[in-house]
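Undergrad: Below is the structure I would like to discuss, written out as structure tokens.
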Amino acid sequence: MLKPYFMKTIKTDNDKNIIYKKNLIIAGPCSAESEEQLVTTAIELQKIKKVDILRAGIWKPRTNPGSFEGVGVKGLPWLIKAKQITGLPTAVEVATSKHVEDVLNFDIDVLWIGARTTVSPFSIQNIADALNGSEKPVFIKNPVNPDIKLWIGAIERLQKAGIVNIGLIHRGFTSYGNTEYRNPPLWQVPIEMKRLFPKLPMLCDPSHICGKRNNLHVVMQTSVDLDYDGIIIESHYNPDIALTDKEQQITPATLKQLLQQTIWKKVHSNETAFVSELERLREQINYLDEELISLMADRMKIAKNIGEIKKNHNITLLQSSRYNEILDRAISKGIALDLSEVFIKSYIEAIHIESLRIQNTNP
Ligand code: PEP
Ligand code: MN
């Protein structure tokens with residue numbers, strides 16, 4: 001059963017989805033390495049009084065064979081011991097039906113599915129089948145690639161297996177050559193998931209997004225500003241000797257500081273002056289959005305006429321020199337109006353792709 005001390009159930013309607021406690025904090029080492037390491041870390045985490053759940057990887061999906069692949073099932077009793085000492089519920093990653101069986105046997109409180117597993121519908125189906133009927137909360141990390149359909153598919157497979165306590169974890173996406181992040185966040189993907197599944201809690205995993213310690217706070221704050229429901233973060237009593245992901249793990253004391261620095265925002269407020277000001281500005285935004293959309297519709301009608309002329313004269317739809325001209329004009333106008341070049345580029349690109357699609361559609 002779900003533990004009332006780390007979550008409250010807020011049901012807004014009659015369906016079975018449960019919204020987890022707001023600002024849920026899951027913390028713990030990347031990997032359970034020894035009983036001493038896990039218990040020491042758990043005690044320190046419990047002392048900062050902000051952590052709700054203890055995490056630890058038991059089976060580690062490593063990119064290179066030969067690196068430390070987790071202690072396996074022998075680590076599960078260490079988690080139980082850490083829970084007995086600290087009272088913290090436990091969370092473990094599962095990647096196979098055997099992992100699910102072991103974790104359920106030890107009555108681990110929360111399960112999560114890693115990013116390398118979410119990409120595989122076969123693995124997800126095996127996990128869903130093994131979980132059949134379980135009331136345990138299961139968090140699904142985003143797939144390593146920004147394929148929203150795979151993430152949605154994983155939710156649907158679990159839901160079909162009768163799992164009702166599903167949550168999501170945003171841990172960033174694989175990219176090549178990005179030096180700022182280990183897994184760049186691509187915030188638009190989780191934002192879209194929050195729109196599609198407003199009742200599923202969304203946690204941020206700043207550790208795997210950043211891959212190092214120094215950006216963690218910025219990523220945490222962004223997730224709070226985007227109204228995420230909590231954080232899952234790696235913490236080790238002595239990160240420098242950690243067997244996995246040592247560059248990104250932080251001590252419980254550092255975690256405490258980061259959590260104190262974070263500005264937790266209210267989604268709604270009852271202060272009337274503030275609310276009416278917000279409403280007034282939101283009305284302006286709605287009005288401008290409507291205008292933008294009708295302007296866009298006019299623009300697309302013209303693009304369609306151009307498409308017919310191109311077809312009649314047998315010229316290619318894509319005219320690179322014209323596209324460059326449009327882009328240059330938009331960028332200089334945008335910059336003059338304080339819009340960023342990156343934004344203008346992606347905006348014009350989206351319009352251009354849609355124009356080509358319309359021109360390519362037979363009437
Ligand atoms: C982890 O949380 O330890 C982990 C392996 O993360 P991910 O699945 O995001 O790579
Ligand atoms: Mn890790």
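Undergrad: Any idea which residue in region 41-57 is farthest from ligand 2 (Cβ to nearest atom), counting only those that are assigned to a loop (DSSP other than H, G, I, E, B) and crowded, with 24+ Cβ neighbours inside 10 Å?
TA: Across region 41-57, the extreme among qualifying residues is V51.
Undergrad: While we're looking at this one, here's another question. Taking R182 as meeting all but one of (1) more than 16 Å from ligand 1 (Cβ to nearest atom); (2) in the same structural domain as W112 (by TED's automatic domain parsing); (3) over 16 Å from R55 (Cα atoms); (4) open to solvent by 20 Å² or more (accessible area, probe 1.4 Å), write down the number of the exception.
TA: Failed condition: (1).
Undergrad: Within region 66-165, which strands (runs of 3 or more DSSP E) (wholly inside it) include 1 or more residues that are away from ligand 1 (no atom under 13 Å from the Cβ) and free of Cβ contacts under 8 Å to residues at least 40 places away in the same chain?
TA: It comes to 90-94, 138-141.
Undergrad: Right, next: If you take the residues in region 185-197 that are without any contact (Cβ under 8 Å) to a residue 40 or more places away in the chain and assigned to a helix (DSSP H, G or I), which one is surrounded by the fewest Cβ atoms within 10 Å (Cβ to Cβ)?
TA: Residue satisfying both the conditions and the ranking: R195.
Undergrad: With (1) closer than 23 Å to I231 by Cβ; (2) touching an Asp or Glu at 6+ places or on another chain (Cβ under 7 Å); (3) more than 16 Å from ligand 2 (Cβ to nearest atom); (4) not β-branched (V, I, T) as the list, and G114 as the residue in question, which single condition is left unmet?
TA: Single failed check for G114: (3).
Undergrad: Consider R213 against the criteria (1) away from ligand 2 (no atom under 16 Å from the Cβ); (2) of a type in the set (D, E, K, R); (3) open to solvent by 70 Å² or more (accessible area, probe 1.4 Å): it satisfies all of them except one. Which criterion is unmet?
TA: (1)
Undergrad: May I pose another question? Would you point out which residue out of A330, A303, A297, A350 is at negative phi, open to solvent by less than 80 Å² (accessible area, probe 1.4 Å) and within 29 Å of the chain's Cα centre (by Cα)?
TA: A350
Undergrad: Of all residues in region 225-267, count the ones that are within 21 Å of the chain's Cα centre (by Cα), without any contact (Cβ under 8 Å) to a residue 40 or more places away in the chain and surrounded by fewer than 13 Cβ atoms within 10 Å (Cβ to Cβ).
TA: Residues flagged as within 21 Å of the chain's Cα centre (by Cα), without any contact (Cβ under 8 Å) to a residue 40 or more places away in the chain and surrounded by fewer than 13 Cβ atoms within 10 Å (Cβ to Cβ) within region 225-267 amount to 1.
Undergrad: Would it be correct to say that V92 is at pLDDT 95 or above and either farther than 15 Å from Y237 by Cα or within 16 Å of ligand 2 (Cβ to nearest atom) (or both)?
TA: Against the criterion (at pLDDT 95 or above and either farther than 15 Å from Y237 by Cα or within 16 Å of ligand 2 (Cβ to nearest atom) (or both)), V92 qualifies.
Undergrad: Test H170 against the stated conditions and say whether it is open to solvent by 40 Å² or more (accessible area, probe 1.4 Å), without any contact (Cβ under 8 Å) to a residue 60 or more places away in the chain and within 20 Å of C30 (Cβ to Cβ).
TA: The answer is no for H170.
The values are calculated or read from the model by the stated rules, or taken from the named source; none is laboratory data. Here the structure is a predicted model, which means the values were calculated and not measured. FYI the Cβ positions are ideal-geometry reconstructions off the backbone, even for glycines, and counts take in every protein chain you see. These area figures cover heavy atoms from the full protein model, side chains too; ligands, DNA and RNA do not enter into them. Shrake-Rupley method; radii C 1.70, N 1.55, O 1.52, S 1.80 Å.
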